[in-house]
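The values are calculated or read from the model by the stated rules, or taken from the named source; none is laboratory data. This structure is a prediction, so every number in the text was calculated from the model and none was measured. Reconstructed Cβ throughout: ideal geometry from the backbone, glycine too, with neighbour counts over all protein chains shown.
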Amino acid sequence: MTTTQSHLLLSHHSFFQTPKTHRSIPKSQLTITSQQLIHGRKLRAAVIGGGPAGSSAAEALSLGGVETFLIERSPAGAKPCGGAIPLCMLDEFSIPLDLIDRKVTKMKIISPSNLTVDFGKTLKSHEYIAMLRREVLDSYLRSRAVSNGANLITALFTHLETPESTQAPYILHYNINGSKHSIEVDVVVGADGANSRVAKSIDAGNYNYAIAFQERIKLSDEKMKYYENLAEMYVGNDVSPDFYGWVFPKCDHVAVGTGTVMSKPDIKLFQRGVRDRVRNKIHGGKIIKVEAHPIPEHPRPRRVVGRVALVGDSAGYVTKCSGEGIYFAAKSGRMCGEAIVKASMNGTRMINEQDLKREYLKRWDGEYITTFRFLDLLQKVFYGSNAGREALVELCGDEYVQRMTFESYLYKKIAVGDRWEDVKMMFNTFGSLIRARILKREIEKLIV
């Protein structure tokens, strides 16, 4: 969702890789039995949820020869989201440039004491953070999946009946304007968000979640000029006890929001805290939309059960520290779709749980699980107190930290750093934390 602290210090700890082009798998490379082959039809897959994860999965499945049904409850709706995506996603997922609302080249991080750091100093002339409205992005990806062969069903998915044998179909039940329907499929991809009904149906396990609250505020042309290519992030107990507040520019308005895991009932109080911090900059603005949504805090205990796989928010693929989820949603959806295509030999073979675990989960965890764990650690270090947040903002002023952060975030690849600079960064981190805690103690003495 953002670029600042999201990949702070990640550099050589990152494990991002570019996607591999899908190729058909020769039958000679797989040992199959006549019972595994599908006769007279193609493998049937249902994807529940038409956001970036579901649409990317549906597109990959359709292109790979699998008969695909994409079930989306509300095509006109969209998840509340900052809407920032990394530069590489535009290329990797062929996102048209005319979908971009703003090309952010300036970023400010504001500490609890209002220390402000310009985080965009090291961006190169061609680099920027793309800001999109989720309703625009989601609609485009969904339409593209349909144009590539996916069958869109506008309906509310209600529940899933699991089969009693490895060859029997799953029965999906859904509701269209009060009318009940069902469909039989071989494989199910759950992309229906943090409150996933698919996840519940396979007992995927619970996880902690944050609540994101966001207001879209339309500003005058004069005030929008300030945010023309600027995004702001605010940290402090007043805006969130464990996350951050943001102001992200859109086409003709700004998205102002915050999130929290620890104190969800107080989310509106923290939202007022963000608004207080930016009061003069948004004064006179009109609220045109209010949004709230749960955001997962870690991957679910079980992401594949039988022939059902979870992707995106349903699987819990949102990074700690930053709350970034759009890229990982689309990436996991495509990766899962490609895994099903590969294991089914382009829709001609029935797959099983081991196929999904081997081709999807093993690949995903191999590329990303270390990154998720590392960002979890960073959140614990820097978000536990205002002292840690002051240290975070101080570190963000270092141009080497900024460059390594952008290399990791923008391109989702290993950022090759300088060993000496890495050592200095480590000592600067300790120094910032120590200074912040000393300052905190001195302020507390004055208060007493």
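Within segment 55-174, which strands (runs of 3 or more DSSP E) (wholly inside it) include 3 or more residues that are touching a residue at least 60 places away in the same chain (Cβ under 8 Å) and farther than 23 Å from Thr319 by Cβ?
Per the criteria, 67-72, 151-154, 156-161.
Among the residues in segment 16-29, are any of a type in the set (Lys, Arg), at pLDDT below 95, in a helix (DSSP H, G or I) and surrounded by fewer than 23 Cβ atoms within 10 Å (Cβ to Cβ)? Break it down stepwise before answering.
Initial filter on segment 16-29 (of a type in the set (Lys, Arg)): 20, 23, 27.
Add one more test, that the residue is at pLDDT below 95, and what stays is 20, 23, 27.
Now narrow it down to the ones that are in a helix (DSSP H, G or I): 27.
Checking which are surrounded by fewer than 23 Cβ atoms within 10 Å (Cβ to Cβ) leaves us with 27.
Looking through segment 16-29, at least one residue is of a type in the set (Lys, Arg), at pLDDT below 95, in a helix (DSSP H, G or I) and surrounded by fewer than 23 Cβ atoms within 10 Å (Cβ to Cβ).
Would it be correct to say that Ala212 is of a type outside the set (Ser, Thr, Tyr), outside any strand (DSSP E or B) and crowded, with 22+ Cβ neighbours inside 10 Å? Let's see the steps before the verdict.
On the way: of a type outside the set (Ser, Thr, Tyr): yes; outside any strand (DSSP E or B): no; crowded, with 22+ Cβ neighbours inside 10 Å: yes.
No.
Filter the helices (runs of 4 or more DSSP H) completely within segment 281-400 down to those with at least 3 residues that are under 26 Å from Asn195 (Cα atoms) and assigned by TED's automatic domain parsing to the domain that holds Met107. So that I can check it myself, show each step before the final result.
Values: elements: 312-315, 326-343, 353-356, 362-382, 386-396.
In segment 281-400, the matching helices (runs of 4 or more DSSP H) lie at 312-315, 326-343, 353-356, 362-382.
Do we find that Gly337 is closer than 30 Å to Ala204 by Cβ, in contact with a helix residue (DSSP H, G or I) (Cβ under 6 Å, 6 or more places away or on another chain) and surrounded by fewer than 18 Cβ atoms within 10 Å (Cβ to Cβ) in this structure? Even if it seems obvious, please write down each step before you answer.
Values: closer than 30 Å to Ala204 by Cβ: yes; in contact with a helix residue (DSSP H, G or I) (Cβ under 6 Å, 6 or more places away or on another chain): yes; surrounded by fewer than 18 Cβ atoms within 10 Å (Cβ to Cβ): no.
In short, no.
Select, from Ala53, Ala78, Ala84, the only residue that is assigned by TED's automatic domain parsing to the domain that holds Thr122 and at pLDDT 95 or above.
Ala53
Somewhere in segment 183-193, is a residue over 19 Å from the mean Cα position of the chain (by Cα), surrounded by fewer than 16 Cβ atoms within 10 Å (Cβ to Cβ), farther than 24 Å from Gly325 by Cα and not assigned by TED's automatic domain parsing to the domain that holds Thr158?
Within segment 183-193, none of the residues are over 19 Å from the mean Cα position of the chain (by Cα), surrounded by fewer than 16 Cβ atoms within 10 Å (Cβ to Cβ), farther than 24 Å from Gly325 by Cα and not assigned by TED's automatic domain parsing to the domain that holds Thr158.
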